[in-house]
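*Asks:* Just dropping this structure here.
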Amino acid sequence: MRREYTSWWSERLHMDMPIVRYGHYGPALLLFPTWASDLWEAESRGLIKSIAPFIDAGRITAFCINSISPHAWCNDLVPMHEKARRQAAYDHYVEEEVVPFIRAQLRDPDARIAVGGASFGAFYGAAVLFRRPELFSALIGMSGFYRLDQVLHGYHDENVYFHSPGWFVPQMPEGPQLELLRHGTQIHLLTGQGAWEAPEETLVFSRILREKNIPHRLDLWGHDMAHDWPTWHRMLQVVVGERMGI
């Protein structure tokens, strides 16, 4: 499997931001890490291995990047308003730096990119896809949550609102973005019901999408499927291998 690492200084985040590519050919899947992890998590935790047959066959090219959480939500030294600002800057980094990089890698200046992740990674992916559906083609949200309640401790501002899909999607106006979500975007929401899972988070977001007439697939897996890597390995295999049409 082709594996390439690079990094650059992000003007939006004011830090060096690395990215790793897996695969030689195929549409892009950008995988976000969980809570406070980094670009190597998907490989070290076996997520890349779980979709290796599809990568090796040229059906997909995976890209992985760092989380912003060590510099924001899980850093107690950072004031809440600055955490929210950094989350907003991270989304802009993905949209305005990572997307052009991946398009250049694919040699396709108009490519729309699939995004995915588990737990906090599902939030990251949903935040950018629902903000900028013209850039992103699909979401694979595994065991996710789609609002930031659990880290805000009652705080709220515009950055929190406009970068939390569970809050801004219900207020999206009619127009081209909503039409693209309805007619040109794949949305896969998956959750288990086993240990440490919170399926209600996914069910609430699914209801929001239904109320906005945004088609999506909701998969509620069994009580034997925990909030853990073996569950996410299988979920990603199923979506990439059977449901994305790639």
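*Asks:* Give all pairs with beta carbons closer than 6 Å in which a residue from segment 98-115 that is more than 12 Å from residue 27 (Cβ to Cβ) meets a residue that is at pLDDT below 95; count only pairs at least 6 apart in sequence or on separate chains.
*Replies:* none
*Asks:* Now for a separate question. Pairs needed: first member in segment 196-208, closer than 13 Å to residue 223 by Cβ and free of Cβ contacts under 8 Å to residues at least 12 places away in the same chain; second member anywhere, of a type in the set (S, T, N, Q) and outside any helix (DSSP H, G or I); C-beta distance under 7 Å; at least 6 residues apart or different chains.
*Replies:* none
*Asks:* Also, quick follow-up: Among the residues of segment 79-89, is there at least one that is free of Cβ contacts under 8 Å to residues at least 24 places away in the same chain, over 26 Å from residue 25 (Cβ atoms), out of contact with any strand residue (DSSP E or B) (no Cβ under 6 Å at 6 or more places or on another chain) and in a loop (DSSP other than H, G, I, E, B)?
*Replies:* yes
*Asks:* Let me spell it out: the conditions are (1) at pLDDT 95 or above; (2) under 19 Å from the mean Cα position of the chain (by Cα); (3) farther than 22 Å from residue 95 by Cβ, and residue 246 meets all of them except one. Which number is the exception?
*Replies:* Unmet condition: (1).
One line per residue, one yes/no per condition, for (1) within 18 Å of the chain's Cα centre (by Cα); (2) within 29 Å of residue 24 (Cβ to Cβ); (3) touching a residue at least 60 places away in the same chain (Cβ under 8 Å):
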position: 60; (1), (2), (3): yes, yes, yes
position: 133; (1), (2), (3): yes, yes, no
position: 158; (1), (2), (3): no, no, no
position: 173; (1), (2), (3): no, no, no
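*Asks:* Among the numbered criteria (1) under 19 Å from residue 126 (Cα atoms); (2) surrounded by fewer than 17 Cβ atoms within 10 Å (Cβ to Cβ), which single criterion is violated by residue 53?
*Replies:* Result: residue 53 fails condition (1) only.
*Asks:* Would you mind telling me which numbered condition in (1) charged (D, E, K, R); (2) loosely packed, with under 15 Cβ neighbours inside 10 Å; (3) touching a strand residue (DSSP E or B) at 6+ places or on another chain (Cβ under 7 Å) residue 210 fails?
*Replies:* Exception for residue 210: condition (3).
*Asks:* Could you grab the pairs with beta carbons closer than 9 Å, sequence gap of 6+ or different chains, first residue in segment 1-18 and among the basic types (Lys, Arg), second one assigned to a strand (DSSP E or B)?
*Replies:* What qualifies is 2/21; 2/22; 2/61; 3/20; 3/21; 3/22.
*Asks:* Select the strands (runs of 3 or more DSSP E) contained entirely in segment 3-62, then report the ones holding at least 2 residues which are hydroxyl-bearing (Ser, Thr, Tyr), modelled with pLDDT of 95 or more and more than 14 Å from residue 90 (Cα to Cα). Quick ask: steps written out before the conclusion?
*Replies:* Details: elements: 3-10, 15-22, 28-32.
Filter on segment 3-62 gives 3-10.
*Asks:* Restrict the check to segment 93-106 and report whether at least one residue is part of a strand (DSSP E or B) and of a type outside the set (A, V, I, L, M).
*Replies:* To start, the set of residues in segment 93-106 that are part of a strand (DSSP E or B) comprises none.
Looking for residues that are part of a strand (DSSP E or B) and of a type outside the set (A, V, I, L, M), one finds none in segment 93-106, hence no.
The values are calculated or read from the model by the stated rules, or taken from the named source; none is laboratory data. Note that this is a predicted model, so its numbers are computed, not measured. In this analysis, Cβ positions are derived from the backbone assuming ideal geometry, glycine residues included, and neighbour counts consider all displayed protein chains.
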